[in-house]
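Okay, so here's the structure we're looking at.
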Amino acid sequence: MTDSAERKMRFLYALRSRGVTDIRVLTAMERIDRGAFVKGLFADRAYEDMPLPISCGQTISQPSVVALMTQALSVTPRDKVLEIGTGSGYQAAILSQLARRVYTVDRHRRLVREAQELFRALDLTNITAFTADGSFGLADQAPFDRIIVTAAAEDAPGPLLAQLKIGGIMVLPVGQSDTVQSLIKVTRHETGFDYEELGPVRFVPLVEGLGPE
Ligand code: SAH
């Protein structure tokens with residue numbers, strides 16, 4: 001077996017052992033090369049199950065967390081998905097394999113520009129990335145079938161709840177500190193919202209306003 005085939009097998013095995021069983025999610029994780037989203041010093045660690053630094057002092061999430069959040073989101077091929085926190089663009093690229101259309105926003109202009117270049121290079125034509133404060137969602141494109149937030153807020157932001165379709169699902173980390181956060185799955189019903197706690201996670205905070213670059 002070649003090194004890269006073996007690396008891929010180990011990568012997928014790590015996901016399965018963390019509880020990723022959805023074959024569509026595993027296939028997406030196999031197709032999108034995480035190595036393309038990690039630059040410089042850390043590039044050779046792209047296939048390890050750990051978060052890594054990216055530009056603007058942010059992080060690309062741990063692959064098993066990306067996969068588990070994607071699995072919890074139960075994306076269908078007809079869905080219009082919103083992601084808050086583009087970062088490297090990796091999570092959006094995974095979603096692009098499962099959804100009809102992906103909108104992703106980040107408060108850092110530079111991250112959005114770099115992610116857009118990657119989406120173009122990888123021919124991921126169903127992703128649109130914007131620079132914006134994602135706490136307000138993306139009113140122009142609302143409502144969404146699915147919303148995923150990859151930065152932690154104290155609570156689910158009101159505008160995001162409002163932009164979720166009835167029957168829609170949102171997955172997000174919530175917590176009051178950098179160290180104690182829970183992953184939450186919110187399902188919108190005719191009359192309100194259901195909340196399910198999925199387990200502890202650790203994300204960078206959701207910050208108000210646009211970034212300096
Ligand atoms: N999903 C990314 C990882 C995200 S890291 C990936 O796959 O690589 C969290 C990201 O959330 C950071 O890039 C940070 O800039 C962004 N962020 C934090 N607060 C935000 C806000 N209010 N609006 C939009 N993006 C925000």
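The values are calculated or read from the model by the stated rules, or taken from the named source; none is laboratory data. Computed from a predicted structure; not experimentally measured. Here Cβ is always computed from backbone atoms with ideal geometry, including for glycine, and neighbour counts include all displayed protein chains. Accessible surface areas use protein heavy atoms only, side chains included; no ligands, DNA or RNA. Shrake-Rupley method; radii C 1.70, N 1.55, O 1.52, S 1.80 Å.
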**Residue within segment 42-59 that is in contact (Cβ under 8 Å) with a residue 40 or more places away in the chain and open to solvent by less than 20 Å² (accessible area, probe 1.4 Å) present** = no
**Asked** If Lys80 satisfies every condition in (1) closer than 30 Å to Asp3 by Cα; (2) touching a helix residue (DSSP H, G or I) at 6+ places or on another chain (Cβ under 8 Å) but one, which is the exception?
**Response** (1)
**Item:** Answer residue from segment 74-89, given it is under 14 Å from Thr131 (Cα atoms) and in a strand (DSSP E or B) and is farthest from the ligand (Cβ to nearest atom) among those
**Value:** Leu82
**Request:** Specify which of the listed residues (Thr70, Thr59) is among the polar types (S, T, N, Q), in contact with a helix residue (DSSP H, G or I) (Cβ under 7 Å, 6 or more places away or on another chain) and either at pLDDT below 95 or within 15 Å of the ligand (Cβ to nearest atom) (or both).
**Result:** Thr70
**Asked** Can you pull out the residues in segment 133-154 that are on the phi < 0 side of the Ramachandran plot and among the small types (Gly, Ala, Ser)?
**Response** Gly134, Ser135, Ala139, Ala142, Ala151, Ala152, Ala153
**Complete:** Taking segment 27-56 and keeping residues within 13 Å of the ligand (Cβ to nearest atom) and among the basic types (Lys, Arg) leaves Arg34, Lys39
**Item:** Residue match in segment 150-161 (condition: assigned to a helix (DSSP H, G or I) and either touching a Cys at 6+ places or on another chain (Cβ under 6 Å) or loosely packed, with under 12 Cβ neighbours inside 10 Å (or both))
**Value:** yes
**Message:** Of the residues Arg107, Arg113, only one is surrounded by 22 or more Cβ atoms within 10 Å (Cβ to Cβ), under 19 Å from Gly209 (Cβ atoms) and of a type in the set (D, E, K, R); which?
**Reply:** Arg107
**Request:** Might you let me know whether segment 120-129 holds any residue that is open to solvent by 10 Å² or more (accessible area, probe 1.4 Å), among the basic types (Lys, Arg), assigned to a helix (DSSP H, G or I) and within 21 Å of Phe42 (Cα to Cα)?
**Result:** no
**Prompt:** So which of Thr86, Thr21, Thr70 is more than 16 Å from the chain's Cα centre (by Cα) and of a type in the set (S, T, N, Q)?
**Reply:** Thr21
**Message:** Within segment 68-85, does at least one residue satisfy the condition of being open to solvent by 70 Å² or more (accessible area, probe 1.4 Å), out of contact with any Phe, Trp or Tyr (no Cβ under 7 Å at 6 or more places or on another chain), free of Cβ contacts under 8 Å to residues at least 60 places away in the same chain and not acidic (Asp, Glu)?
**Reply:** yes
**Residue in segment 90-105 that is in a loop (DSSP other than H, G, I, E, B) and within 7 Å of the ligand (Cβ to nearest atom) present** = no
**Request:** List every residue pair whose Cβ atoms sit under 8 Å apart, with the two residues 6 or more apart in sequence or on different chains, where the first one lies in segment 19-30 and is of a type in the set (Ser, Thr, Tyr) and the second, anywhere, is assigned to a helix (DSSP H, G or I).
**Result:** Thr21/Gln71
**Request:** Evaluate the following for Asp145: is it part of a loop (DSSP other than H, G, I, E, B) and either surrounded by fewer than 16 Cβ atoms within 10 Å (Cβ to Cβ) or more than 13 Å from the ligand (Cβ to nearest atom) (or both)?
**Result:** no
